[in-house]
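Quick notes on the structure that follows.
The values are calculated or read from the model by the stated rules, or taken from the named source; none is laboratory data. Remember, predicted model here, so these are calculated numbers, not experimental data. FYI the Cβ positions are ideal-geometry reconstructions off the backbone, even for glycines, and counts take in every protein chain you see.
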Amino acid sequence: MTSSLRTRLLIGTIGGMALLLAGLSVTVYAVIRHALVAEFDVSLTSTAEILAASVEFEAGVIDAEFEEQHLREFNDAEQPAYYQVWRRDGEVVCRSPLVGAHDLPRLHGPVGAPIHSACRDPHNHRRLRAVGLTFVPRTDPQDQDPPRRATEQDALVMVVARDASRLYGQLAFLRWLLLGVAGATTALALLVAAVVVRRGLGPLDSIAVEIAAIREDDLGTRIGQGPLPGEIAPIRDRLNALLSRLEKAFDRERRITADVAHELRTPLAGIRATIEVALTRQREAGEYRSVLSQCLEITAGMETLVANLLMLARLDAGATTLQMERIDLAELADSIRAPFAEKVAARGLTWENGIGEDFVVHSDRVSLRMILSNLLDNAVEYTASAGHIGITARQAGDKVEIAVANTGCTLTREQAAQVFERFSRADAARGQTGVHCGLGLALVQEMAKALHGSATAEVRGNTLTVRVTLPV
Amino acid sequence: MRILVIEDYRPLRESLTKGLHEMGYAVDATGDGEEGLWYATGGQYDVIVLDLMLPGVNGLQILKAVRDKGCGSHVLILTAKDTVEDRVRGLNLGADDYLVKPFAFEELLARIRALVRRGYRQKHPAIEIQDLHIDLTTQRVRRGGKEITLTPREYVLLEYLALRAGEVVSRAEIWEHTYEFHSTASSNVVDVYIGYLRKKIEHADAPRLIHTLRGRGYLLGEKP
């Protein structure tokens with residue numbers, strides 16, 4: 001199997017054509033050869049029949065006296081012809097003078113059926129054609145009462161041969177002619193087909209050149225803007241669609257990398273500035289303590305960020321394992337409050353767990369805990385002072401819907417639609433504590449998906465409600 | 001010299017405020033875009049240190065508003081965005097300098113000093129007025145070769161007067177450029193500190209350096 005489309009097309013068309021031409025040539029040659037040989041043989045047979053008619057059977061004796069006009073041909077040394085007559089038992093009755101001491105092949109068959117054959121001239125080895133005629137000699141008609149009429153027992157074999165080199169020459173010429181014509185036609189067709197195939201495959205080459213020119217840092221280009229053949233247009237469309245998807249994916253990667261760099265640089269700048277400012281002069285031990293604890297606080301924020309990024313990367317790669325178990329939702333919701341208790345109290349927020357007792361879901365405890373924890377974290381972060389945070393759950397068919405609502409939301413509907421995007425803080429900046437970087441809700445959504453559920457956000461008045469729907 | 005820090009990341013904002021304050025600068029700081037806009041367009045800041053990603057109003061909007069209003073403040077952009085487009089966009093909107101996070105506090109200080117000097121058309125990092133020598137970088141002051149020790153507050157007052165040497169500077173201007181917005185002191189402290197400064201840099205057998213022009217303000221250098 002050749003790999004080049006061009007070669008395959010050329011071999012296919014030219015090979016097929018050459019085969020057809022060969023078949024046609026052979027047929028034409030066979031028909032013409034048959035006709036010419038048959039004509040030659042007919043003339044030879046008629047000569048043989050005339051000669052045979054001259055042989056008489058006279059009182060048991062063979063009388064082979066041929067008339068002068070019939071013998072003229074057999075005496076021409078330039079274009080020799082030969083005859084020879086045998087008895088049935090193989091005894092030679094007579095032979096034409098030019099045969100000399102040689103014998104012609106003895107072609108004998110049933111009476112009246114001529115046998116044709118090719119043979120060689122015994123003198124100059126030219127090609128001859130011969131006819132063998134087995135016949136019963138004629139009884140002399142003038143003999144009114146012959147002692148015995150010739151019977152099958154007296155049958156003679158007559159072979160007449162004639163120079164056929166002209167015939168064979170013509171046939172040889174015909175062979176060469178047909179071979180030459182077929183060869184030349186094939187060669188010409190190869191040239192024409194090469195040009196046609198090259199032009200036909202031209203659009204493929206130009207597309208290949210365009211594809212080769214695409215660089216990985218510029219995926220905005222689209223290939224095959226001009227008109228293209230119907231077979232290639234779908235390939236172009238698919239490729240362009242693939243390019244679009246790649247471009248989007250690359251853009252997203254680039255944006256996320258820039259965001260990650262930004263999110264890591266800001267706390268780094270914080271640590272560095274804090275330490276450098278502390279080192280500008282001698283300070284009290286208490287001041288150093290406060291600087292160190294500030295740095296610790298910043299690193300804790302960075303740890304959370306890195307952990308969230310890792311978790312997102314794992315969720316993206318589908319590399320999380322789930323351990324499904326029965327979970328008391330109200331109990332779980334209460335257990336995640338502790339880390340936020342201080343913040344909730346400091347900002348005068350109220351918290352209400354509205355999940356009924358014995359509300360059980362079948363889910364992965366670690367993931368569900370992270371979902372609730374992130375939802376609560378987000379709510380505490382963005383609720384205005386003295387606001388209210390509520391968590392509720394309800395069963396809807398074969399789904400469980402968990403909702404966390406907080407007051408003091410300043411998001412518009414459009415902004416609410418973007419809260420699940422990575423690094424999308426409502427207004428591109430941090431919340432109250434300066435450690436939020438817009439990954440929490442992205443994580444919630446990805447984890448909900450990993451649990452075969454979904455997450456939505458809705459703003460009504462100044463209340464933001466984030467709902468997580470999970471299978472029971 | 002009065003500086004405004006607009007940075008939404010609390011630990012960084014607090015450290016910068018503390019560091020700059022300790023260097024004698026009067027520092028106002030905020031983490032909110034709208035509040036920052038209000039400060040920036042309302043006060044007489046020598047330098048505004050501006051983060052770009054802010055809640056409310058973003059940094060570039062504040063920069064544009066400051067420039068549209070014709071405030072003379074120099075703006076130093078402080079951001080984690082370091083692409084060429086980001087820098088060019090900031091500078092094209094009228095920023096005077098650009099520093100990418102994380103940065104060395106020393107570098108930020110040096111850039112702020114340079115911006116302050118630029119604001120008073122002072123290219124040399126040291127000022128000489130008669131036999132008074134002020135090194136703006138090391139904040140060391142000498143008169144007649146003798147080292148004079150000043151408190152940060154006194155130094156800032158002297159630096160401001162020196163940068164505007166030969167001009168009459170009103171008490172209100174001194175107040176605007178050396179005291180924070182939330183300062184509890186009244187503008188009378190300016191007179192008190194001028195008194196302290198005089199005691200340290202002037203003595204009986206040398207010509208006066210700080211002149212009081214009644215009802216108009218103070219003047220450092222030779223009286224016109």
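The table for this structure:
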item	result
Single residue of A:V196, A:V192 found to be under 30 Å from A:R238 (Cα atoms), modelled with pLDDT of 90 or more and out of contact with any Phe, Trp or Tyr (no Cβ under 9 Å at 6 or more places or on another chain)	A:V196
Per-region count, region A:53-66, residues under 13 Å from A:D154 (Cα atoms) and in contact (Cβ under 8 Å) with a residue 12 or more places away in the chain	8
Top-ranked residue of region A:293-303 - restricted to ones that are more than 9 Å from chain B (Cβ to nearest Cβ) and touching a helix residue (DSSP H, G or I) at 6+ places or on another chain (Cβ under 9 Å), ranked as nearest to B:E22 (Cα to Cα)	A:T299
Qualifying residue in region A:318-341 (condition: under 56 Å from the mean Cα position of the chain (by Cα) and either within 13 Å of chain B (Cβ to nearest Cβ) or acidic (D, E) (or both))	yes
Any chance A:L239 is away from every other protein chain (no Cβ under 14 Å), outside any helix (DSSP H, G or I), surrounded by 14 or more Cβ atoms within 10 Å (Cβ to Cβ) and without any contact (Cβ under 8 Å) to a residue 40 or more places away in the chain	no
From the options A:F135, A:F74, residue that is within 20 Å of A:S43 (Cβ to Cβ), modelled with pLDDT of 85 or more and not β-branched (V, I, T)	A:F135
Complete set of residues in region A:199-218 that are in contact with a helix residue (DSSP H, G or I) (Cβ under 7 Å, 6 or more places away or on another chain) and in contact (Cβ under 8 Å) with a residue 60 or more places away in the chain	A:L201
Residue in region B:172-189 that is in a helix (DSSP H, G or I), closer than 25 Å to B:D131 by Cβ and in the same structural domain as B:V141 (by TED's automatic domain parsing) present	yes
Subset of region A:80-102 [in a loop (DSSP other than H, G, I, E, B) and surrounded by 11 or more Cβ atoms within 10 Å (Cβ to Cβ)]	A:P80, A:R88, A:S96, A:G100, A:H102
Number of the condition not met by A:Q153 [criteria: (1) among the polar types (S, T, N, Q); (2) exposed (fewer than 13 other Cβ atoms within 10 Å of the Cβ); (3) not assigned by TED's automatic domain parsing to the domain that holds A:R33]	(3)
Residue that is modelled with the highest pLDDT, among those in region B:38-51 that are assigned to a strand (DSSP E or B) and over 10 Å from the mean Cα position of the chain (by Cα)	B:V49
B:L78 vs. criteria surrounded by 17 or more Cβ atoms within 10 Å (Cβ to Cβ), touching a residue at least 40 places away in the same chain (Cβ under 8 Å) and within 14 Å of chain A (Cβ to nearest Cβ)	yes
Test: residue in region A:273-288 that is hydrophobic (A, V, I, L, M, F, W, C), surrounded by fewer than 16 Cβ atoms within 10 Å (Cβ to Cβ) and not in a helix (DSSP H, G or I)	yes
Pick from region B:71-92, criterion modelled with pLDDT under 85 and part of a loop (DSSP other than H, G, I, E, B), ranking: farthest from the chain's Cα centre (by Cα)	B:T83
Residue list for region B:7-37, filter: outside any helix (DSSP H, G or I) and either more than 11 Å from chain A (Cβ to nearest Cβ) or modelled with pLDDT under 90 (or both)	B:D8, B:Y9, B:M23, B:G24, B:Y25, B:A26, B:V27, B:D28, B:A29, B:T30, B:G31, B:D32
Subset of region B:21-43 [hydrophobic (A, V, I, L, M, F, W, C) and under 16 Å from B:L63 (Cβ atoms)]	B:L37, B:W38, B:A40
The one condition in (1) among the acidic types (D, E); (2) surrounded by 12 or more Cβ atoms within 10 Å (Cβ to Cβ); (3) modelled with pLDDT under 90; (4) more than 45 Å from the chain's Cα centre (by Cα) that A:E303 fails to fulfil	(2)
Positions within region A:359-404 being in contact with a helix residue (DSSP H, G or I) (Cβ under 8 Å, 6 or more places away or on another chain), of a type in the set (A, V, I, L, M, F, W, C) and over 11 Å from A:L329 (Cα atoms), in sequence order	A:M370, A:I371, A:L375, A:L376, A:V380, A:I389, A:V404
Residues of region A:362-381 satisfying the condition of being in a strand (DSSP E or B) and either in contact with a Cys (Cβ under 7 Å, 6 or more places away or on another chain) or surrounded by 22 or more Cβ atoms within 10 Å (Cβ to Cβ) (or both)	A:S363
Answer from A:V209, A:V196 - the residue that is more than 11 Å from every other protein chain (Cβ to nearest Cβ), assigned to a helix (DSSP H, G or I) and within 30 Å of A:S25 (Cα to Cα)	A:V196
Subset of region A:164-213 [within 30 Å of A:H125 (Cα to Cα) and not hydrophobic (A, V, I, L, M, F, W, C)]	A:S165, A:R166, A:Y168, A:G169, A:Q170, A:R175, A:G180
Condition broken by B:A40, with the remaining ones in (1) small (G, A, S); (2) surrounded by fewer than 22 Cβ atoms within 10 Å (Cβ to Cβ); (3) away from chain A (no Cβ under 13 Å) satisfied	(2)
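Here's the yes/no breakdown for (1) hydroxyl-bearing (S, T, Y); (2) more than 14 Å from every other protein chain (Cβ to nearest Cβ); (3) exposed (fewer than 14 other Cβ atoms within 10 Å of the Cβ):
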position: B:N92; (1), (2), (3): no, yes, yes
position: B:F103; (1), (2), (3): no, no, no
position: B:E107; (1), (2), (3): no, no, yes
position: B:T149; (1), (2), (3): yes, yes, yes
